[in-house]
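S.K.: Have a look at this one.
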Amino acid sequence: MLDQLVKRAREQRVFSREDTPTDQRIEAAFLYHLGLSYRQVGEWLGHLHQTVHEWYTALADLFEPEPDEHGTVVVDDREVYVWAAINRQTYEVIHVEASPGRSELDALLFLRAVLDTVRGRPVIVVDRGPWYNWSLDELDLPCESRRETWGDRSIVESWFSPFKLRIRRFFDRFPYRSSWQSVDRWTKAFACIHNARC
């Protein structure tokens, strides 16, 4: 899994120079992902914590997966608000993004982005949040698409569990003065490493 991420990072030229080997940068991102702080990882590898932060957020550019067939996609969101779509069969994160609000328009934009990243017409499963009412009616979805509280929905909840566990290291908030855009990049990097571990 580490080798695949290193290969993709080199192919896409995520890091403009190789003054620090790409595999060491990816390893630093994995250590951070697993719970160490930027400072701890930096001390371990002999780099500044800000450098480790830059490496980690650069991985967000690797997140966009190749369009693929997905039978059933489960969707959820959390405060900031973090929206996530997970493939029911592979547990791969198909699309993730953070937004400053959680409205019907935010739900529609997120679901359209999910549909743009997949081939075919997957079944979409969402929770019973009222922000999904209008967006589900607006989209051309298979008739099997549904709203539910349990069942397939537990798959996306299982992705949010380690996500929330990692966020607790921030004491349930991102560092002071973080924009939702930086939260979005951090979340995409988290999803990229999650997918590499699947």
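S.K.: Of the residues that make up region 156-165, is at least one charged (D, E, K, R) and farther than 22 Å from Ala196 by Cβ?
M.R.: No: region 156-165 contains no residue that is charged (D, E, K, R) and farther than 22 Å from Ala196 by Cβ.
S.K.: Restricting the first residue to region 118-133 and requiring it to be exposed (fewer than 14 other Cβ atoms within 10 Å of the Cβ), which pairs with a second residue that is among the basic types (Lys, Arg) and part of a strand (DSSP E or B) meet a Cβ separation below 8 Å and a spacing of at least six or different chains?
M.R.: The qualifying pairs are Arg128/Arg147.
S.K.: Inspect all residues belonging to region 144-161 and state whether any of them is of a type outside the set (A, V, I, L, M), assigned to a loop (DSSP other than H, G, I, E, B) and within 17 Å of Tyr81 (Cβ to Cβ).
M.R.: No, region 144-161 contains no residue that is of a type outside the set (A, V, I, L, M), assigned to a loop (DSSP other than H, G, I, E, B) and within 17 Å of Tyr81 (Cβ to Cβ).
S.K.: Within region 138-154, does at least one residue satisfy the condition of being surrounded by 17 or more Cβ atoms within 10 Å (Cβ to Cβ) and among the β-branched types (Val, Ile, Thr)?
M.R.: No, region 138-154 contains no residue that is surrounded by 17 or more Cβ atoms within 10 Å (Cβ to Cβ) and among the β-branched types (Val, Ile, Thr).
S.K.: Let me ask you something else. Return the residue satisfying two criteria in turn: it lies in region 12-40 and is β-branched (Val, Ile, Thr) and more than 18 Å from His194 (Cβ to Cβ), and of such residues it is surrounded by the most Cβ atoms within 10 Å (Cβ to Cβ).
M.R.: Thr22
S.K.: One residue is enough: does region 75-91 have a residue meeting the conditions assigned by TED's automatic domain parsing to the domain that holds Arg128, among the aromatic types (Phe, Trp, Tyr), assigned to a loop (DSSP other than H, G, I, E, B) and modelled with pLDDT of 80 or more?
M.R.: Yes, because at least one residue in region 75-91 is assigned by TED's automatic domain parsing to the domain that holds Arg128, among the aromatic types (Phe, Trp, Tyr), assigned to a loop (DSSP other than H, G, I, E, B) and modelled with pLDDT of 80 or more.
The values are calculated or read from the model by the stated rules, or taken from the named source; none is laboratory data. The structure presented is a predicted model; accordingly, all values stated were derived computationally and were not measured. Heads up, the Cβs are rebuilt from the backbone with ideal geometry, glycines too, and the neighbour counts pull from every protein chain shown.
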